[in-house]
Every structure is written in structure tokens, then in C-alpha cells.
1. Among Leu62, Leu5, Leu25, which residue has its Cα positioned farthest towards the positive end of the charge dipole of the chain, with +1 placed on the Cβ of Lys and Arg, -1 on the Cβ of Asp and Glu, and the dipole taken about the Cα centre?
2. Over every pair of different alpha-carbon atoms in the chain, take the mean of 1/r and invert it; report that Kirkwood radius in Å.
3. Can you give the helix-only mean residue ellipticity at 222 nm for the chain, where every DSSP H stretch with n ≥ 4 adds -39500 (n - 2.57) and the sum goes over all residues, rounded to the nearest 500 deg cm²/dmol?
4. Could you rank the peptides 80-89, 25-34 by their average count of other C-beta atoms within 10 Å per residue, with the highest value first?
Amino acid sequence: MKLMLPEVISEKVSEVLLDKRKEELRANNMIFFNLKEAENGSSKERDIELLGEVKSSIGIDLDPSQLENVTRLGRLFPNSTKIRPIRLSIDQEGRNT
């Protein structure tokens, strides 16, 4: 079945817009490595505290209300010495450009 030119263009435009939106969402992320995990496993409060120490040491002006999501990446394995990275998502209005 042959697609009409307007349908092909519309499909391509939609694809480009979706890719652009995904790119914009990723632009709001920061990933931090080698920040020690809480002793008893995943602790979001401890991760936020660690990120506060990091942001003050590197001079990032970021209000806690701008934190959209703080997540450890990867699976937590028992008795593992591997430190999972932390992904920090920042609210769009909170970004300093």
C-alpha cells in the first residue's frame, strides 16, 4: 500500500517532535556517580542529603522544591559493593540556562 505524501510528512513530523520532547526531558537530568548508598539499602532521604552536599561543593544554586525526581539507577543486589549512580531530574523552571 502506497502512503500519500501528506501522511508521510505528518508521520515524520510527529516522529521528530517526539524525539525532541524526549531530548528536552533528558536535558533536565543530572547523573552522579560514586555517592555511597545508605547502609540499609535504598534511602531517598540520604540520597537527597548527599546531593545537597555535592551541589554546595560544586556551587550549584538549586532549591529543593526544584527536585522533580531522585532515583538510584540499576538494581540493588544484596551484599554487593557496587555503588549505583543517582539520577536527579530538575523541574523545567528550576533550570539555570
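What follows is calculated from the coordinates using simple rules that are stated; it is not laboratory data. These numbers were taken from a predicted model, which means no experiment stands behind them. Every residue, glycine among them, receives a Cβ derived from its backbone with ideal geometry; neighbour counts consider all protein chains shown.
1. Value: Leu5.
2. 16.1
3. Calculated mean residue ellipticity at 222 nm is -13500 deg cm²/dmol.
4. The densest-packed peptide leads the list: 80-89, 25-34.
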